[in-house]
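Some notes on the structure that comes next.
The values are calculated or read from the model by the stated rules, or taken from the named source; none is laboratory data. Note that the structure is predicted; figures quoted are calculated from it, not measured. Here Cβ is always computed from backbone atoms with ideal geometry, including for glycine, and neighbour counts include all displayed protein chains. Calculation scope for accessible area: heavy atoms of the full protein, side chains included, ligands and nucleic acids excluded. Shrake-Rupley method; radii C 1.70, N 1.55, O 1.52, S 1.80 Å.
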Amino acid sequence: MTSTLSAPNSIESLLGKEAEDLLTFKAKVSSDLLHLPGPDFVDRVWINSDRNPQVLRNLQLLYSTGRLANTGYLSILPVDQGIEHSAGASFAPNPMYFDSENIVKLAIAAECNAVATTLGVLGSVSRKYAHKIPFIVKLNHNELLTFPNQFDQVMFGDVEQAWNLGAAAVGATIYFGSEQSTRQIQEVSHAFKRAHELGMVTILWCYLRNNAFKQDKDYHLAADLTGQANHLGVTIEADIIKQKLPEVNNGYGAVAKATGKSYGKTHEKVYTDLTTDHPIDLTRYQVLNCYCGRAGLINSGGASGKSDFAEAVRTAVINKRAGGTGLISGRKTFQRPFDEGVKLFHAIQDVYLSKDVTIA
């Protein structure tokens, strides 16, 4: 039996003062341009692609698992923070997750579509769980033990290892905009090609990383820059894009102004005709850059805090109404008691199951 939000914790109440605006907003760019999620998403969108039958089978498996099965939406538990942020920083609030099996147990209890975590975690329990929930093996990571700390995604495993332990998909991160991005693009492109050959789905964490993006605001979260990162991601055939929710815009202009140098290329209509400062419009621009939703956009849930339920539901509403494919939430779920983590996932899933939360 699954739990749902009770009346006092309805979607509207969790959204608070933003409820009417977020639930009734009409997007600037029409949803008619988009390939929207739905039960027939694989047949409607992917059937004519170059993905082989094994990839289509595993893509359908992702969309056919868990509480959101056959809706076209995804709810995924990602736990790569043990490397990305250190195991101590990630698991000290809830030490049970030092045990790799509990990560998979949480994803199953929460009725997620899949669990995305490290080669080591999934390899340690693969025979017990690979047939019970789709595995997404995160292939590369940024580690913080080297001194001084550096920020570079390096491969911790290869595609064949993911295939051997029964994974349905592989994931990777590229720090677009960083000095290492060219190498990372080449490495991940090669890995994704091999994953597709072996029949696995590809998921790309399209993150920005450059100190120049931190100006008067944090333009790592700019719609125009993250949108272009998404576009680069689908170019190397990521089937699903993971991106942070945009909070600002015109990162190109901000970087150029702050550095006094020309930076990148954009067009004034991006800011006048395609976006406003509304979070749904900013996120829709991210979707547009995923081939208008052909590659599904999943937004990340962000760090844990005091308002996790409200923040997660808000992100889910924005993602869904913008035309996105779902939410991937880690620290907000595993850094709290197990049962609360399950309830938070169900709160997110309630947004995607709700007929009252429609495409903007």
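Restricting attention to the range 1-45, report how many residues are buried (at least 16 other Cβ atoms within 10 Å of the Cβ), at pLDDT 95 or above and of a type in the set (S, T, N, Q).
1
Let me confirm something: among 349, 335, 286, which residue is in contact with a Pro (Cβ under 7 Å, 6 or more places away or on another chain) and at pLDDT 95 or above?
Result of the check over 349, 335, 286: 286.
Taking residue 288, is it open to solvent by less than 30 Å² (accessible area, probe 1.4 Å) and in contact (Cβ under 8 Å) with a residue 12 or more places away in the chain?
In short, no.
Six or more apart or on different chains, Cβ under 6 Å: which pairs go from a residue in the range 80-99 that's among the aliphatic types (A, V, I, L, M) to one that's surrounded by 13 or more Cβ atoms within 10 Å (Cβ to Cβ) and not in a helix (DSSP H, G or I)? Could you list them?
Going by the 6 Å Cβ cut-off, the qualifying pairs are 83/141; 83/143.
Counting just the residues of the range 95-148 that are among the small types (Gly, Ala, Ser) and more than 30 Å from residue 183 (Cα to Cα), which one comes out nearest to the chain's Cα centre (by Cα)? Walk me through how you get there before you give the answer.
Initially, the range 95-148 is screened for residues among the small types (Gly, Ala, Ser), giving 100, 107, 109-110, 114, 116, 120, 123-124, 126, 130.
The next check asks that each one be more than 30 Å from residue 183 (Cα to Cα); those that pass are 100, 107, 109-110, 126, 130.
On the way: 100: 21, 107: 15, 109: 20, 110: 17, 126: 23, 130: 21 Å.
Only one residue tops the list, namely 107.
Being touching a residue at least 12 places away in the same chain (Cβ under 8 Å) and assigned to a helix (DSSP H, G or I) is the filter here; which residues of the range 224-238 pass it?
Going through the range 224-238, the residues touching a residue at least 12 places away in the same chain (Cβ under 8 Å) turn out to be 224-234, 236-238.
Matches in the range 224-238: 224, 225, 226, 227, 228, 229, 230, 231, 232, 233, 234.
Do the conditions hold for residue 199, that is, is it touching a helix residue (DSSP H, G or I) at 6+ places or on another chain (Cβ under 7 Å), open to solvent by 20 Å² or more (accessible area, probe 1.4 Å), small (Gly, Ala, Ser) and at positive phi?
No: the conditions fail for residue 199.
Could you tell me which of the residues 342, 317 is closer than 24 Å to residue 79 by Cα and open to solvent by less than 10 Å² (accessible area, probe 1.4 Å)?
Details: 342 fails: open to solvent by less than 10 Å² (accessible area, probe 1.4 Å).
One residue alone meets the criteria, 317.
Please work out which one of (1) of a type in the set (A, V, I, L, M, F, W, C); (2) in a helix (DSSP H, G or I); (3) without any contact (Cβ under 8 Å) to a residue 40 or more places away in the chain; (4) closer than 23 Å to residue 312 by Cβ is the condition residue 256 fails and give its number.
The single condition residue 256 does not satisfy is (4).
Contact list please: Cβ distance under 8 Å, first residue in the range 298-311 and modelled with pLDDT under 75, second residue open to solvent by 50 Å² or more (accessible area, probe 1.4 Å), pairs at least six apart or on different chains.
What qualifies is 302/244; 302/311; 302/331; 303/331; 304/93; 304/331; 305/311.
Kindly provide the set of residues from the range 313-332 that are more than 13 Å from the chain's Cα centre (by Cα) and either of a type in the set (A, V, I, L, M, F, W, C) or not in a helix (DSSP H, G or I) (or both), ordered by number.
The answer is 313, 317, 318, 322, 323.
Would you check if there is a residue in the range 115-131 being touching a Ser or Thr at 6+ places or on another chain (Cβ under 9 Å), of a type outside the set (S, T, N, Q), under 27 Å from residue 197 (Cβ atoms) and in a loop (DSSP other than H, G, I, E, B)?
no
For the range 253-269, which residues satisfy the criterion of being surrounded by 10 or more Cβ atoms within 10 Å (Cβ to Cβ) and within 15 Å of residue 210 (Cβ to Cβ)?
254, 255, 256, 258, 259, 263, 264
If you take just the helices (runs of 4 or more DSSP H) that sit entirely in the range 1-112, which of them hold at least 1 residues that are among the β-branched types (Val, Ile, Thr)?
11-15, 19-24, 53-63, 100-109
Please go through (1) open to solvent by less than 10 Å² (accessible area, probe 1.4 Å); (2) under 22 Å from residue 224 (Cβ atoms); (3) basic (Lys, Arg) for residue 332 and return the number of the only condition it doesn't satisfy.
(2)
Could you tell me which numbered condition residue 185 fails, if it satisfies all but one of (1) among the aliphatic types (A, V, I, L, M); (2) part of a loop (DSSP other than H, G, I, E, B); (3) surrounded by fewer than 22 Cβ atoms within 10 Å (Cβ to Cβ)?
Residue 185 satisfies every listed condition except (2).
Consider the range 169-182. How many of its residues are out of contact with any Pro (no Cβ under 9 Å at 6 or more places or on another chain), more than 16 Å from residue 227 (Cα to Cα) and either aromatic (Phe, Trp, Tyr) or in a strand (DSSP E or B) (or both)?
Number satisfying all stated conditions: 2.
What residue, of 86, 126, 90, is modelled with pLDDT under 95, open to solvent by 10 Å² or more (accessible area, probe 1.4 Å) and among the polar types (S, T, N, Q)? Break it down stepwise before answering.
Values: 126 fails: modelled with pLDDT under 95; 90 fails: open to solvent by 10 Å² or more (accessible area, probe 1.4 Å).
Answer to the selection: 86.
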